[in-house]
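To start, the structure under review is shown below, and the notes come after it.
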There are 4 protein chains.
Amino acid sequence: MTARKSFASDNHAGAHEAVLRMMARVNAGDAASYGDDPWTEQACASIQELFGALGGVFLVFNGTAANVLGISLLLRPYEAVILPEGAHLNVDECGAAERVLGSKLLTVPTPDGKLTPALIAGRLGDRGDVHRAQPRAVAISQVTECGTCYTLQELRALGEFCRSEGLRLYADGARLANAAAHLGCSLADIAAPMDVLSFGGTKNGAAGVEAVVVMAEDLVTDAPFQRKQQMQLASKMRYLAAQFLGLLEDGLWLRNAAHANLMARRLADGIRGVLGVELWQAVESNAVFASLGPDQIERLQREWEFYVWDEPAHVVRWMTAFDTTEADVDAFAAAVRAMADGS
Amino acid sequence: MTARKSFASDNHAGAHEAVLRMMARVNAGDAASYGDDPWTEQACASIQELFGALGGVFLVFNGTAANVLGISLLLRPYEAVILPEGAHLNVDECGAAERVLGSKLLTVPTPDGKLTPALIAGRLGDRGDVHRAQPRAVAISQVTECGTCYTLQELRALGEFCRSEGLRLYADGARLANAAAHLGCSLADIAAPMDVLSFGGTKNGAAGVEAVVVMAEDLVTDAPFQRKQQMQLASKMRYLAAQFLGLLEDGLWLRNAAHANLMARRLADGIRGVLGVELWQAVESNAVFASLGPDQIERLQREWEFYVWDEPAHVVRWMTAFDTTEADVDAFAAAVRAMADGS
Amino acid sequence: MTARKSFASDNHAGAHEAVLRMMARVNAGDAASYGDDPWTEQACASIQELFGALGGVFLVFNGTAANVLGISLLLRPYEAVILPEGAHLNVDECGAAERVLGSKLLTVPTPDGKLTPALIAGRLGDRGDVHRAQPRAVAISQVTECGTCYTLQELRALGEFCRSEGLRLYADGARLANAAAHLGCSLADIAAPMDVLSFGGTKNGAAGVEAVVVMAEDLVTDAPFQRKQQMQLASKMRYLAAQFLGLLEDGLWLRNAAHANLMARRLADGIRGVLGVELWQAVESNAVFASLGPDQIERLQREWEFYVWDEPAHVVRWMTAFDTTEADVDAFAAAVRAMADGS
Amino acid sequence: MTARKSFASDNHAGAHEAVLRMMARVNAGDAASYGDDPWTEQACASIQELFGALGGVFLVFNGTAANVLGISLLLRPYEAVILPEGAHLNVDECGAAERVLGSKLLTVPTPDGKLTPALIAGRLGDRGDVHRAQPRAVAISQVTECGTCYTLQELRALGEFCRSEGLRLYADGARLANAAAHLGCSLADIAAPMDVLSFGGTKNGAAGVEAVVVMAEDLVTDAPFQRKQQMQLASKMRYLAAQFLGLLEDGLWLRNAAHANLMARRLADGIRGVLGVELWQAVESNAVFASLGPDQIERLQREWEFYVWDEPAHVVRWMTAFDTTEADVDAFAAAVRAMADGS
């Protein structure tokens, strides 16, 4: 609740008014519960079509749940997931995967948040050894935790590698819309190499909803039961569906994401050449990662809200959102420049 | 989506307009995520005060999650929950407790959905025997699955028995508001004997939110972490909080519940004396359980929506909601009477 | 450590000398660990042949582990096991199935420890309902917890029913040898209708070993990994294998079991007509269940060791073992008779 | 089953004859099951005294189980273990900790298998952050996976650090006897800084038994139930106890370990100066880690059994055991030298 726009997280933003409007619109009268309502059917059908998914679409409450449900469709109890060390699933979900799935996460250090076939291959040495949890799924994030995007070519290469190795490919798509906007491609293009992926609503203007998109038809049987058992089945599902209906109307999801990306780009441009400020990662979504001088961080945080990503390296993360304005960005960039001049 | 009011479930109803209005009101501008916002603080503080809870209040997405989170605060891995065989936690949650908690549920048959000290005692024979999961918590539902309510005296007796036996007492309060309305008491009166309980919003006019209320201060430490790990931490928490703020304003939660109860009472009165129709349980909430002739059920279901509760016994369940009108009830009661005349 | 033979449990007996002799015999020199040794190969091959198992055989440390590993091959996380309320898996394993598998156990009351197609059918009502854990496996015990045996016809009927319903059939065979001895049939006859079953060594003269026998070839893939993950892979496996080699030599397993059965039969005969003593179950294995007068139990327990099975019903359980002698039985029967005369 | 002594693993060795002799000695007559027998009491009391343990001692079947049971006494569900990346618990137990405990393992790369306060501190950054599994236990191995030993000073420093940070300290003591022999100290000296640790029998001449030693009295309550639930309670416990009784008699455990260590030392000495062969780690137990030329490995493995530890680095592991003879070592060392000369 600061007067100044928060650059801390895209979930500091509220919901887009179209989302709330749609929630109000579905409110009249009775509706069958647990997803047997026309709005859920419509939202899921639309998403399924956008992704070209042969399996189905399952709405859940948040991103942690989307990841855990998605992964649960891919693993037997003794099978493991290969994923980047910094993955949300590994670092930011309080051990939900270990607790709910009982699965081991096989982490791989990455400089930019991206897995490659070579990095995955480095984790496959012990397949068939009964003493080792067996690698069976690969989990990437698109957009990555570092704000970078896999190119379509990279995704295809991952998909081909996984298929050739008998691995399943999952993508955490909490910011998938931002990736689509950055790549200028369809969601189906991104999703094609995947077995299961999530499609985030919350960070892109929803109040709180994510979709688990099952691409492969043979993986869908368990999904309704797993969702319920994982405590993610909404009784009044229409209010989850409505949020996606709002985002899907006239491509709002893409406009929101493209705008947020543009604001990140504008911020990166606005601080170009500022003394002591260096971009740490390419700006390929709605995130700007930069390294600052240590006392620069502290001074800037007195007036602006954002996270320090890597304390020892003085790397900060600045997120934009669908409702970040050019004025917000310009004011913040000016603050960064002023701080540098004053240092 | 029938023109006729559904009597199938109180979650067929939409959200109360005050709830949606409050969601729109909290929408403006940024807010800290994951509950560090003023609305969450206000909603939780209000609920905590209503319950006289020394621990704290934790918002979650649905009733299954409230039960699992609540129970998780009470058990070590080898400890078990004693609960009625028909409990939602046992029957309707797809094994979430077993999966997420790994805990055994020790079920007790009950005629009316209510546990008693004697029924609980019958499950305590093997304490200390290393071969047996150790009973440690008792889970009741208030309102019960049979639509009945424990009296305050019954609750106190359960609480005293549990304390004397070193057991923890949990209550599934998905319809706790209806119980308070029926008993004419405060939420604190009901909650006093409990260690942890849930306070349902969804069935009482919310779009989708429940609160886990931790009465005992020493049980609260784990709760924030367990909630996150159990995939129930909302990033844009303000939209969960807003729903409770809407329900708490001017005691809307109690008016909604009292109205729903009244409509159930009116329905029970409206079918009194109808041939072949017998109440199966006392009407103490927003549910009417009745036995009908087998072909009566089928005929009535052609035009009205409701669930058969017990197929062999021809018992049906008719639920009312905050938005059930007197006209809805009267039309339905007339249909029941007409069906009986025609049989 | 009483001078008098214990009738409390067949695991109060020691190991048969042939078992210890074989353990000493395999002791010389090095052997590959984790089961890649010739004795394990030989023991498992022999058991596989005795059962006509197409899958494979996996040695584990104890009966709880055999049940949990066996069941784990049959279930997805949201699937449940139908089993008798009194099953060891439900009552005597401290919730291991819930903890390790996360699976729900759907219990059925039975008068004699036996499931029937009708009893199983009564638990199948909610298949496909996403709110319910989905019944997928049926677990019986042969010998049952009540000392009774399914006939081959009953087993076949269960097998056919399960196949027709898409259910998997598991048998806890902690006392399978006693069942084979009672029925006068081969292990393959008993095993034919099963998908997976256990074959107990410990209660039949081993020091501590059980085998999980996988009948169906398509169920075996997971077994080596599940056994390791479930902490049941012995590094020096030869000492588990040796125990079975000892029991398999010259059909010792069958002679041990037949003898124990005979001693139970002799005990039942020896107390026939004693005032106040009634058989509670048919004597079909190495167990005699009888009801006594309440103070008879107490007096008898002053000098003899046995368990009270059902306190309120004054039912006791008397177990014989491979090393129970005729003299042991006769002395005990005399004590029962003397007690009755004295009362 | 090679005529040549295996240098692959200390569990390729058989059991010491004193162990088998003791198993035969406890065999006579009945004994109460599940550990209520005099031999179990004696073995556990002796171990407890050797360690100065205030809690208690619990026998289990294997090392994986000892680790999982030991760790289970230390953690709440959302709490995590800090441990070396190469720890057996992390790498060699097929994800048992994740499956059975649902706990996250926080791995730390180490050059020599040893944790330090500084390495642990690097994993403590996010305590209190609800998004992160909370570090609560530290698990070391003594002897480490690299064959090295913590000094008593290092152990004390770890203990003090853990206490000051509110962390619990666990040690995987599968080869604890070898550490005691190397350090020339008592087991109590090693155990003093620990909360829980395991004491391995299997690799030191037993047929298959490990002890979980609970140092802290307040941690012992759960242990009997956790052991049973984790499928590690032997019914005929006397045969586990007997193995330890055999090892404890006249300090056989220490002599076995000292001998194995001596043989490793002799091997290291015997290959000193061989061209192309370099020790990779200090020889502080019964393991010799050495780097060889790649085709040297292949040639040596044609006739001798051992594992390649690190394929790309050409590091091999040579293990000695209680029954490795000087002649075995000398023959093997000669083979290493011959191979080097021939290359």
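The values are calculated or read from the model by the stated rules, or taken from the named source; none is laboratory data. Fair warning: this is a prediction, and the values are worked out from it, not measured in the lab. Neighbour counts are summed over all protein chains in view; Cβ atoms, including those assigned to glycine, are modelled from backbone coordinates with ideal geometry. For the accessible areas, the whole protein counts, side chains as well, though only heavy atoms, and no ligand, DNA or RNA atoms are used. Shrake-Rupley method; radii C 1.70, N 1.55, O 1.52, S 1.80 Å.
Things to note:
- Tail beyond 26 Å, pair distance distribution of chain D (Cα, percent): 49
- Antiparallel bridges, percent of DSSP beta bridges restricted to the protein assembly as shown (to nearest 5): 55
- Solvent-accessible area of region D:46-193 (1.4 angstrom probe, protein heavy atoms only): carbon and sulfur portion equals 49 percent.
- Rounded to whole Å, sorted largest first: equivalent-ellipsoid semi-axes of the protein assembly as shown, Cα gyration tensor: 52, 45, 26
- Convex hull volume of the Cα atoms of region C:57-186, normalised per residue: 109 Å³.
- Taking the Cα centre of the protein assembly as shown as origin and assigning +1 to Lys and Arg Cβ atoms and -1 to Asp and Glu Cβ atoms, the resulting dipole is close to 0 debye.
- Taking a straight line from the alpha carbon of A:Lys5, these aspartates and glutamates sit under 17 Å away, with near neighbours fewer than eight places off in the same chain left out: A:Glu303, A:Glu305, A:Asp323, A:Glu326, A:Asp328, A:Asp330, B:Asp30, B:Asp36, B:Asp37.
- Relative contact order for chain A, counting Cα pairs under 8 Å that sit 6 or more residues apart, in percent: 25
- Residues of region D:179-208 whose accessible area (probe 1.4 Å, heavy atoms of protein chains only) drops by at least 40 Å² once all protein chains are present, relative to their chain alone: D:Ala207.
- For region A:233-253, heavy-atom accessible area (probe 1.4 Å) falls by no less than 10 Å² from the chain alone to the full protein assembly at A:Leu233, A:Ser235, A:Lys236, A:Arg238, A:Tyr239.
- Only Lys, Arg, Asp and Glu carry charge here, each on its Cβ (+1 for the first two, -1 for the last two); on that basis region D:232-343 has a dipole of about 340 debye about its Cα centre.
- Cα centre as origin, Lys/Arg/Asp/Glu Cβ charges: chain B dipole, Debye: 240
- Compactness of region A:151-205, expressed as Rg and Dmax over alpha-carbon positions, Å: 11.5, 38
- Shown for region B:10-30: residues covered by the partner protein chains by 30 Å² or more of accessible area relative to the chain by itself (probe radius 1.4 Å), namely B:Asn11, B:His12, B:Gly14, B:Leu20, B:Met23, B:Asn27, B:Asp30.
- Area accessible to solvent at D:Phe51, 1.4 Å probe radius, in Å²: 0
- Protein accessible surface hidden between B and D, which excludes ligands and nucleic acids, total in Å², probe 1.4 Å: 1700
- Shape category assigned to region A:16-60 from the gyration tensor of Cα positions, a/c cut at 1.5: oblate
- Result for chain B in a Gaussian network model with C-alpha springs under 10 Å: among B:Ala321, B:Ala45, B:Ala13, the largest mean-square fluctuation is at B:Ala45.
- In Å², nearest 10: area of C:Tyr34 left accessible to a 1.4 Å probe: 60
- Exposure ranking of D:Arg127, C:Arg156 by accessible area [1.4 Å probe, largest first]: C:Arg156, D:Arg127
- Here region B:267-343 exposes an accessible surface that is 49 percent carbon and sulfur, computed with a 1.4 Å probe and the other protein chains kept in place.
- Across B:His182, A:His314, the residue with the most accessible area heads the list, and the full order at a 1.4 Å probe is B:His182, A:His314.
- Rounded accessible area of A:Leu275 (nearest 10 Å², 1.4 Å probe): 140
- With a 10 Å cut-off around each Cβ of D:59-69, the average count of Cβ atoms from other chains is 4.
- Solvent-accessible surface ranking, highest first, for C:Leu106, B:Leu155 at 1.4 angstrom: C:Leu106, B:Leu155
- Averaged per residue, chain B has 33 square angstrom of accessible surface, using a 1.4 angstrom probe with ligands and nucleic acids left out.
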